[in-house]
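Below is one structure, written out as structure tokens; comments come after it.
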Amino acid sequence: MIIHQLPLDGAGSMLHAKNAAVNIITLSTLSSIKMHTKCRGGFYPSSDKVPRGEVPDDKIEWSIAFPEYKPRQYTAAHILSGPSYADPDISKPDFKPRWNAKDGNVNRCSHEGPYTIVDGFPRNIHGRTGITGRGLLGRWGPNHAGDPIVTRWKMVSGKKVLHEGTGRFVLQFICIQRRDSGEWAIPGGMVDPGELVSTTIKREFQEEALNSLEMTEEKKKQTEQQLKDLFQRGEEVYSGYVDDPRNTDNAWMETIAYNFHEDNEDGILYSLQLHAGDDAKAVKWQDISMQLNLYASHREFIQTVAEKHNAHW
Ligand code: BGC
């Protein structure tokens with residue numbers, strides 16, 4: 001295991017204070033802190049106001065003993081009422097999930113490799129979150145999403161905008177405001193049972209950023225035709241676990257994010273009319289920079305895209 005000496009900045013210095021006696025942290029601890037920032041501490045994000053049990057930075061990893069750890073159990077009432085997208089309670093005798101496998105139409109594999117099952121419950125692949133149960137998530141174990149990162153160059157008076165500070169062109173992406181938390185985010189969504197992630201990504205983009213749910217069939221077909229080329233040129237930029245505020249010790253979010261980039265100033269993305277719909281209450285073209293503050297791990301995905309295009313960050 002690689003050992004780093006303190007002091008370190010950011011998350012490392014928080015650990016420094018708590019861990020002064022030991023005076024070392026491992027790279028894997030740093031990576032756990034990064035993955036469990038938004039899904040640790042404070043209250044679980046539902047109207048039931050359930051506090052998460054405290055999980056210090058150096059106790060996130062399951063391999064570290066933490067005998068005092070007694071997290072509250074919480075699954076939201078609407079999940080327990082058994083909507084079609086949710087699993088039954090684990091105690092139900094006829095619920096026999098095939099963990100770490102394609103279980104009929106439901107993908108119970110993690111993008112990050114096998115997760116463990118402890119006392120019958122799948123265990124969060126990135127460590128403790130301070131809460132057990134499913135919270136607001138429907139599935140035990142991984143809950144799969146897909147994210148479309150749709151980008152174009154910022155143009156003013158027909159010219160690409162150069163950022164004076166970095167000397168790089170400014171990229172923009174289509175950003176929605178989530179109805180649940182009010183935070184700005186990529187217009188992604190959950191993969192339906194049996195659905196290809198590529199289908200989820202297109203469907204969610206059209207529902208949330210173009211409000212396709214309220215389009216006539218004819219307009220929908222026309223829009224799909226216009227976007228066809230762009231969607232064929234997608235490139236995967238991320239696949240794995242997400243630091244989502246809804247994660248628990250037994251249920252967590254994972255996603256696959258694709259970048260669909262328009263380089264051509266006559267291309268469809270320079271004339272497309274945006275209309276928020278479904279789970280989005282607003283939509284806009286957002287300039288990309290390191291000042292962004294986005295839902296879950298979305299800022300990191302956007303940074304990857306900015307770097308990929310050698311754009312301003
Ligand atoms: C969102 C995705 C997001 C995922 C994980 C889903 O609810 O629609 O955009 O990546 O959660 O946070």
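Computed values, structure above
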item	result
Dipole moment magnitude, nearest 20 debye, the stretch 268-313 about Cα centre, only Lys, Arg, Asp, Glu C-beta charged	80 debye
GNM top mover of Gly277, Gly165, Gly188 - the chain, alpha-carbon springs below 10 Å	Gly165
Virtual spin-label span in nm between Thr37 and Asp89, 7 Å along Cα→Cβ	3.7 nm
FRET efficiency, Glu224 to Gln273 (Cβ-Cβ, R0 22 Å, nearest 0.05)	0.90
Test item: Cα-centred dipole of the chain, Lys/Arg +1 and Asp/Glu -1 on Cβ, debye	420 debye
Part-to-part distance (alpha-carbon centres) for the stretch 206-238 and the stretch 266-312, which is given in Å	16 Å
Environment charge at Glu265 (Cβ cut-off 9 Å; Lys +1, Arg +1, Asp -1, Glu -1)	-1
The chain: most fluctuating residue of Leu27, Leu269, Leu230 per GNM, C-alpha cutoff 10 Å	Leu27
Relative contact order %, the stretch 145-308, counting alpha carbon pairs below 8 Å whose residues are six or more apart	33 percent
Length-normalised contact order for the chain - Cα pairs under 8 Å, 6+ apart - percent	20 percent
Sum of -39500 (n - 2.57) over DSSP H runs of 4+, divided by residues of the chain (222 nm, nearest 500)	-6000 deg cm²/dmol
DSSP-loop GluC sites (Glu not before Pro) across the stretch 159-224, with at most 11 other Cβ within 10 angstrom	Glu164
DSSP beta bridges in the stretch 145-308 [antiparallel fraction, %, rounded to 5]	75 percent
Extent along principal axes [Cα atoms of the stretch 145-308; Å; largest to smallest]	49, 42, 27
Among 67-73, 236-242, the order from most to least packed when residues are scored by Cβ within 10 Å on average	236-242, 67-73
Which of Gly130, Leu30, Gly167, positive extreme of dipole for the chain (C-beta unit charges)	Gly130
Whole-number D in µm² s⁻¹ for the chain, Kirkwood Cα-pair radius fed into Stokes-Einstein, 37 °C, 0.692 mPa s	155 µm²/s
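Where a number appears in this text, it was derived from the coordinates with a stated rule and is not lab data. Remember, predicted model here, so these are calculated numbers, not experimental data. Neighbour counts run over all protein chains shown; Cβ positions are idealised from the backbone, glycine included.
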